[in-house]
Number of protein chains: 2
Amino acid sequence: MSGGPLEGVRVVDLTAVVVGPICSRTLADQGAEVIKVEAPGGGDLLRTMAQGSRNPGMSGKFMQFNRNKRSFCVDIKHPEGQAALLALIRTADVFVSNIRPNALDRAGLGWEALRAINPRLIHCAILAFGRGGPYFNRPAYDPIIQSLSGVAGTFHRANGEPRFVPMVMTDHITGLIAAQCIGFALYRRERTGVGEAIEVPMFENMASFVMSEHLGAGTFDPPVGPLGDGRLLSPDYRPVPTRDGYITVGPNTNAQAFAFFDAIGRPALKTDPRFLNAAARTANAAEYLKVRAAAMREKTTAEWLAILGAADVPAAAYNSLDDLLQDPHLAATGFFAPEDHPSEGRIRRTATPNRFSGGMREDALPAPRLGADTRAVLREAGLDDAAIDRLVEAGIVATPEARA
Amino acid sequence: MSGGPLEGVRVVDLTAVVVGPICSRTLADQGAEVIKVEAPGGGDLLRTMAQGSRNPGMSGKFMQFNRNKRSFCVDIKHPEGQAALLALIRTADVFVSNIRPNALDRAGLGWEALRAINPRLIHCAILAFGRGGPYFNRPAYDPIIQSLSGVAGTFHRANGEPRFVPMVMTDHITGLIAAQCIGFALYRRERTGVGEAIEVPMFENMASFVMSEHLGAGTFDPPVGPLGDGRLLSPDYRPVPTRDGYITVGPNTNAQAFAFFDAIGRPALKTDPRFLNAAARTANAAEYLKVRAAAMREKTTAEWLAILGAADVPAAAYNSLDDLLQDPHLAATGFFAPEDHPSEGRIRRTATPNRFSGGMREDALPAPRLGADTRAVLREAGLDDAAIDRLVEAGIVATPEARA
């Protein structure tokens, strides 16, 4: 009884690193029971691949992406391990993986195989590339997808060289979308009584993301102008230097733009044909950005924040990662909640950002050590202690005590 | 009968620009009936604010974010317009808005008011800032949230100055998350029979996004090292120059890294303690990136793609926006589908990226002209033609013919 909209949903989670774990963490945060399946010998690469930990295998980054989950450590290449996994999948509502499709089929974990043992199962496969094109089944990581989907190219347009967003943005977004798709399929299953297969490809999702914003004039065939949203791709679309730092200003509506022109001492711009309504300001975006940049240089960031705040013009300084820990809004809402982790000591848990009035998950689980729930999961699958001991001794499953 | 997992779900969509429209487009693409509520006098700002259109009010960007929706153009500030909207909400499963909370309450559209007329309603409010902190109810746009949530700050760490991602990334991600939350609430409603309120704040969602990736050593209190994922924040983490352009390489596993060392003619690195496993390569990420960058300069992008492709090492050139239209994988999968729009002529529709084996939406609707469905929506709400004509003549509702 977790509480949360997904209470009662059982997820078998054969994913690692970010794209899958953020999907299953989202489900877990909203009440699902998530059983993370990890291989002996280290488990999820993110346990060790990320820097910053107190104990081996428990990196801070791993802990962020894997709270509220249980860990079942099992060698699924061993027939008895495979059998244990299938027993678990028989009891599950959702199976999610981020394994290449041909490898998933080889492991006997494709949709056709699993629906035969559990027709109510929702089978979600997160892929690099979708079916039907030449990249299908190719391996890819976030920077590859940032490159192919146009993310790096938008930086080239804006700043003269291709860049990545310094996050695993395409993994992260695709994982959030996978959780979204699973929610839709759970809804449909309540109505039809049967499960289904979902395929969530990173490349296509990010091409859709980028092109929804930037196809623009190329929506029309032939295009009615150059592709790309000129405002977002302008080299001047960025935090603007002030006398002592930077500021971001967003005067978009007429009320905000006119208050802004007053605040910078240029009231005549309110009747300037380039700037007198939203359409004019869009058509003259480059000039509007230059007017803003010129004005901001004249005072400090703090001075402008006070002036613009009083005029109800959206404005902000930018937060560094360290600043975020001190942000007054996040502090007031308890965004960084202290938690005493059973093995890792005092940590910061970030809040679940979205509120559901019908009830939220109540039993916050700590990010699990590798195999922390192996015994409990096997017991729930019907194995007795002697059988479990035998699997542990044979190295087919592992527990933290057994030094997985 | 749309097909799609959300078939039969009726959404009243009081949103504009990007954050709300990408939420409702996602629901629409997956089969929901979405009724976009727009004000007379121009409707959604995105109709005119974005450059690139054949006819006024039908920008390419608007059309991308509003396909598969109906448009109901009504002055909800007029009592009769408000009554028509409430009649519609009585028939809806979901109401979604991106209006400031105090304005939403003033308009009589808060959760308490609407649940009284429709207890099964899912009321989703997309906010800039969540309840309980000092920023609640403040206005904000994407660049403000990119600044406050740490996105701009990660560029400062990586490249020495704060930058924005050249997309309305925080709008776009938050809208996708709002659709996710609505799916979870629809699932719960099937079990409980009642609706609920969801609040989806942009700032908190993006702080969670950034900090899940970058809190890292600061997960621990006190921190065990500097915040931020050093690999992602390295100035060398980017597409690497070749002899004639750029390339992105991602040799992450041992098999890939060792094949890469062979391909660049430095097999001795396979036994170099800095690079011999994933943990070592993470600890020595800066040096690993430098080795990669030095090697790539020696051949052209096409030469490296051939060599690394043959060695099964993930590698890619980056696509510009124009390149994407020619990408062989997207071409083979029909990602950019030609469509004859009833008023805008030949256009490109981007594909719904995710596949559901239980059935997809079949009746693709064109992005609507302002008020295209006003008459049909009012008829469905029980008004007769004479009553509708009177509302049109009074300017309380509008249709395309009435030049909204």
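Bear in mind these aren't lab numbers, they're just calculated from the coordinates by the rules spelled out. Predicted model only: the values in this text are computed from it and were never measured. When we count neighbours, we look across all protein chains shown, and the Cβ atoms used for this are built from the backbone with ideal geometry, even at glycine.
Observations
- Whole-Hz ³J(HN,Hα) from phi, Karplus 6.51 cos²θ - 1.76 cosθ + 1.60, for the stretch A:207-223, glycine and proline x: 4, 5, 4, 5, 6, 4, 8, 10, 5, x, 5, x, 4, 8, 10, x, x
- The stretch B:200-266 and the stretch A:278-304 have Cα centres spaced 33 Å apart.
- Anchor A:LYS61: lysines whose Cα lies under 25 Å away (excluding residues fewer than 8 positions away in-chain): A:LYS36, A:LYS69, B:LYS290
- Candidate aspartates and glutamates for bridging to A:LYS77, where Cα separation is under 17 Å - those fewer than 8 sequence places away on the same chain excluded: A:ASP13, A:GLU38, A:ASP44, A:ASP105, A:GLU393
- With label points defined 7 Å past Cα in the direction of Cβ, position B:LYS77 shows copy-to-copy spacings of 6.8 nm, given to one decimal and shortest first.
- Most mobile of B:GLN326, B:GLN146, B:GLN180 in a GNM of chain B (Cα contacts under 10 Å): B:GLN326
- Between this copy and the others, label points of A:GLU380 are 4.1 nm apart in ascending order, each placed 7 angstrom from Cα in the Cβ direction.
- Counting DSSP beta bridges with both ends in chain B, the antiparallel % (nearest 5): 35 percent
- Using a cutoff of 8 angstrom between alpha carbon atoms and counting only pairs six or more residues apart, the relative contact order for chain B works out to 21 percent.
- The stretch B:115-205: trypsin sites (Lys or Arg not before Pro) in DSSP loop, at most 15 other beta carbons within 10 Å: B:ARG120, B:ARG131
- For chain B, built as a Gaussian network whose Cα springs stay under 10 Å, the top-fluctuating residue of B:LEU391, B:LEU46, B:LEU176: B:LEU391
- Helix A:79-90 and the longest principal axis of the Cα set of chain A meet at an angle near 60°.
- Distances between placed amide hydrogens fall under 5 Å for A:GLU196 paired with A:ILE122, A:HIS123, all partners being 5 or more residues away or on another chain.
- Helical runs (DSSP H, four residues minimum) scored at -39500 (n - 2.57) apiece and divided by the length of chain B put the mean residue ellipticity at 222 nm at -11500 deg cm²/dmol.
- Distances in nm from A:ALA116 to the matching label points in the other copies, shortest first (labels 7 Å along Cα to Cβ): 5.8
- When the trypsin sites (Lys or Arg not before Pro) in the stretch A:281-389 are filtered for DSSP coil states and for at most 16 other beta-carbon atoms within 10 Å of their beta-carbon, the remaining sites are A:ARG297.
- Degrees, to the nearest 10: A:285-296 long Cα axis against longest axis of chain A: 80 degrees
- Relative contact order of the stretch A:240-317, pairs being alpha-carbon contacts under 8 Å that are 6 or more residues apart, as %: 49 percent
- Net lengthening on full extension, A:ALA83/A:ALA113 (0.36 nm per residue, minus Cα-Cα): 9.5 nm
- For chain A, modelled as a GNM whose springs connect Cα atoms under 10 angstrom apart, the maximal fluctuation among A:GLY41, A:GLY358, A:GLY130 occurs at A:GLY358.
- A:ARG131 paired with B:GLU161, simple spin-label distance in nm, labels 7 Å along Cα-to-beta-carbon: 4.8 nm
- For a straight C-alpha distance cut-off of 20 angstrom, the aspartates and glutamates reachable from A:LYS270 (same-chain residues fewer than eight places away being disregarded) are A:ASP262, A:GLU287, A:ASP312.
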